[in-house]
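Let me begin by presenting the structure, written as structure tokens, before commenting on it.
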Amino acid sequence: MKEKYYITTAIAYTSSKPHIGNTYEVILADAMARFKRMQGYDVFFQTGTDEHGQKIEEKAKLANKTPKQYVDEVSDVIKNVCQTMNVSYDKFIRTTDEHHEKQVQKIFKKFYEQGDIYKGSYEGWYCTPCESFWTESQLIDGKCPDCGREVKKANEEAYFFKMSKYAQRLIDHINSHPQFILPISRKNEMMNNFLLPGLQDLCVSRTSFKWGIPGDFDNKHVVYGWLDALTNYITGLGFDLDGNHGELYKKYWPADIHVIGKDIIRFHTIYWPIFLMAMGEPLPERIFGHPWLLQEGGKMSKSKGNVLYADDLVEVYGVDAVRYYVLASMPFDNDGLVSWELMTEKINADLANVYGNLVKRTISMSNKYFGGIVESTGASDQIDNELKQMAKETYQKVAALMGECRVADAIGCVFTLLRRANKYIDETAPWVLAKDEANNDRLKEVMYNLTETIVIATSILHPFMPQTCEGVLAQLSTIVRPFDKLSEFGLYQNGTKVTEDPQVIFARLDAKEVEKKAEQIVLKYAQASKEEKPEEDKNKQNKDNKKQPSSPKAQENEQEKGQIGIEDFAKVELRVALVTACERVEKSDKLLKLTLSLGNEATRTVASGIAAYYKPEEVVGKKVILVSNLKPATLRGVKSEGMILCAEKDGVVTLVEPNQKMPEGSVVR
């Protein structure tokens, strides 16, 4: 019977599409889950979405949707991101699932009945985007210490959990289980900053909004935040507070590891264990608080305007290249960095130069010298020993590092082997051996050693880059080798014929071409933001100097945009256009789709964020000023071929209209 292994990620908050920093976590957990499966474990991998809260209630209202409609849409977006990144989860839980909501109500009631929670009132400062309460002393310059945004004074009735009741029990557990919190620095932080100084009681209900799970014994309250979200790890397995657990819960709980971001380590290593203690359920074996993946300017967030999305990166680099970068570039205990430049450099250096080059050279030489047939002749040399020994030892080193959650270091071990194989080519010089037929047996042995090394390395890499590795092994006419066979050298079947047409698995990237694609992506989001964001948000964004993610070239341009020269202004082409048709854009309360006539030219379509100020019928027949040489962008499915000029004062937006006598197509100077 296989040993079980239950791994989870933090569930993604359904306020908006997750950026690559969020997506890193599910890629990381996926790689760990795949590795365990290949080690022979019975793995259950759960991820999902956190769908309640004031922030979602407010966002849904702004979008003219019910909260459930809103979270349904965002949850689908998050599922699509997982699919794009080839994430192999076994369960995708949503906190709006009926079973989850019923169990949360039961848990809330149990805590009340056994005296773990009590009714009180809260007065302090609340950050809606972070859904966090803060005291006056915790604020930084009067703003949220986490995100830097505005906070609101809050005063409301709430239920509080008596955290101190279980604090010593948790301290004892952490001290007796040294692997409970990883890395050790996170453990020290939790002990020294929270547990040892003494825990404050935790707010677990709210009355100022309705989008949450109502308390069945006091329906004025909705269960707040972490009591709702954290319990997904057990409700997703079929946990039942009455003891009628599903088979998955009986089989897989306690979790072997919770994979979470370091910013929510406190909730998972303090609140969650205490909730479980209060329920009388076993604690998870390990909680790994991974570092952040940072973009230039710090932690990625939409409020900072430095967001990169997985699907955009995949469009430029491909799925496995993105998976490789985020997994191989994230240190165990320190934050990692991501940018277009860094990704291009690492993908070229590791995937194209080291891995791709080795595979292509080996297959090409096998075809050139022996018609693609690979066989071992036993014509060994002392120089082979180091490569063979390294190949045989690599898996055990990688397995040990994966057991410590040191994923980047584990991948680094495999690439050390791949670099050694490239060096082996230089040492043995197959092209020199090929000049003398007397060296044929030796040359065959060299090609066999290279092929066998690639099979071993590629099999180990499979959890990290599954599609690529399957493709490489297919070119070698073999399949992924079982992990329990990776410490042996010489299992590649003699006489196997490799592909006659070796494919480039990772082509070298042209940095300038990547730069162009990056700038187009930045422009897409900049234009979408300008068209869809309310004017007051735009003004605040400019005031706070928040920017979209960009390449160095684009950033240099942004730094100089306070003033422009006449040569820059001359690049902008302004034309008079007549609005011949106008309609609302589906699923958008901000955009109108305008059809514009420019005289003798073909009509243009423009999506403009003026729906709050004009009805479609009010715009038809008007003449407007069009920025006609702006790169097209797609907004909510509408191809927008330019931008129309508007004026704004005191929150009122008005179209800039030329004299009606000016013919369509006239140039504005």
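The values are calculated or read from the model by the stated rules, or taken from the named source; none is laboratory data. Here the structure is a predicted model, which means the values were calculated and not measured. Every residue, glycine among them, receives a Cβ derived from its backbone with ideal geometry; neighbour counts consider all protein chains shown. Accessible surface is based on the protein model in full, side chains and every heavy atom, while ligands, DNA and RNA are left aside. Shrake-Rupley method; radii C 1.70, N 1.55, O 1.52, S 1.80 Å.
Points to keep in mind about this one:
- Matching option when the condition is at pLDDT below 85 and within 22 Å of Ala570 (Cα to Cα), among Glu617, Glu641, Glu648, Glu601: Glu601
- Test result for Ser137, among the hydroxyl-bearing types (Ser, Thr, Tyr) and closer than 30 Å to Phe464 by Cα: no
- Close Cβ contacts (under 8 Å, 6 or more residues apart or on different chains) running from residues in the stretch 226-244 that are open to solvent by 10 Å² or more (accessible area, probe 1.4 Å) and modelled with pLDDT of 95 or more to residues that are part of a loop (DSSP other than H, G, I, E, B) and of a type in the set (Gly, Ala, Ser) comprise Gly238/Gly246; Asp240/Gly246.
Residues are listed down the side, and each one gets a yes or a no for (1) in contact with a Ser or Thr (Cβ under 9 Å, 6 or more places away or on another chain); (2) open to solvent by 40 Å² or more (accessible area, probe 1.4 Å); (3) modelled with pLDDT of 95 or more; (4) hydroxyl-bearing (Ser, Thr, Tyr):
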{"position": "Tyr70", "(1), (2), (3), (4)": "yes, no, yes, yes"}
{"position": "Cys82", "(1), (2), (3), (4)": "yes, no, yes, no"}
{"position": "Ile93", "(1), (2), (3), (4)": "yes, no, yes, no"}
{"position": "Val104", "(1), (2), (3), (4)": "yes, no, yes, no"}
{"position": "Ile107", "(1), (2), (3), (4)": "yes, no, yes, no"}
{"position": "Cys127", "(1), (2), (3), (4)": "no, no, no, no"}
{"position": "Cys130", "(1), (2), (3), (4)": "no, yes, no, no"}
{"position": "Trp134", "(1), (2), (3), (4)": "no, no, no, no"}
{"position": "Lys143", "(1), (2), (3), (4)": "no, yes, no, no"}
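- Considering the stretch 300-410, the qualifying helices (runs of 4 or more DSSP H), each wholly inside and each with 3 or more residues that are open to solvent by 40 Å² or more (accessible area, probe 1.4 Å), run over 340-346, 357-370, 382-403.
- Taken over the stretch 159-217, the criterion of being under 18 Å from Gly115 (Cα atoms), in a loop (DSSP other than H, G, I, E, B) and open to solvent by 40 Å² or more (accessible area, probe 1.4 Å) is satisfied by Lys162, Gln200, Asp201, Asp216, Phe217.
- Scoring Phe45 on the criteria (1) open to solvent by 40 Å² or more (accessible area, probe 1.4 Å); (2) of a type outside the set (A, V, I, L, M); (3) under 30 Å from Glu3 (Cβ atoms) leaves a single failure, condition (1).
- Filtering Lys615, Lys622, Lys631 for residues that are over 20 Å from Leu523 (Cβ atoms), touching a residue at least 40 places away in the same chain (Cβ under 8 Å) and among the basic types (Lys, Arg) leaves a single hit, Lys622.
- Search result, residues across the stretch 438-479 that are in contact with an Asp or Glu (Cβ under 7 Å, 6 or more places away or on another chain) and more than 24 Å from Ser380 (Cα to Cα): Met465, Gln467, Thr468
- If you go through the stretch 629-647 and keep only what is open to solvent by 10 Å² or more (accessible area, probe 1.4 Å) and in a loop (DSSP other than H, G, I, E, B), you end up with Asn629, Leu630, Lys631, Pro632, Arg636, Gly637, Glu641, Leu645.
- Number of positions in the stretch 418-450 that are in contact with a strand residue (DSSP E or B) (Cβ under 6 Å, 6 or more places away or on another chain) and without any contact (Cβ under 8 Å) to a residue 24 or more places away in the chain: 0
- Restricting the stretch 648-669 to residues that are open to solvent by less than 50 Å² (accessible area, probe 1.4 Å) and in contact with a helix residue (DSSP H, G or I) (Cβ under 7 Å, 6 or more places away or on another chain), the residue that is farthest from Gly599 (Cα to Cα): Gly651
- For the stretch 69-85, the criterion of a residue being outside any loop (DSSP other than H, G, I, E, B), charged (D, E, K, R) and touching a residue at least 40 places away in the same chain (Cβ under 8 Å) is satisfied by no position.
- Residues being free of Cβ contacts under 8 Å to residues at least 40 places away in the same chain and among the acidic types (Asp, Glu) - total across the stretch 466-509: 2
- Some residue of the stretch 501-509 being more than 26 Å from Asp312 (Cβ to Cβ) and either at pLDDT below 95 or open to solvent by less than 40 Å² (accessible area, probe 1.4 Å) (or both): yes
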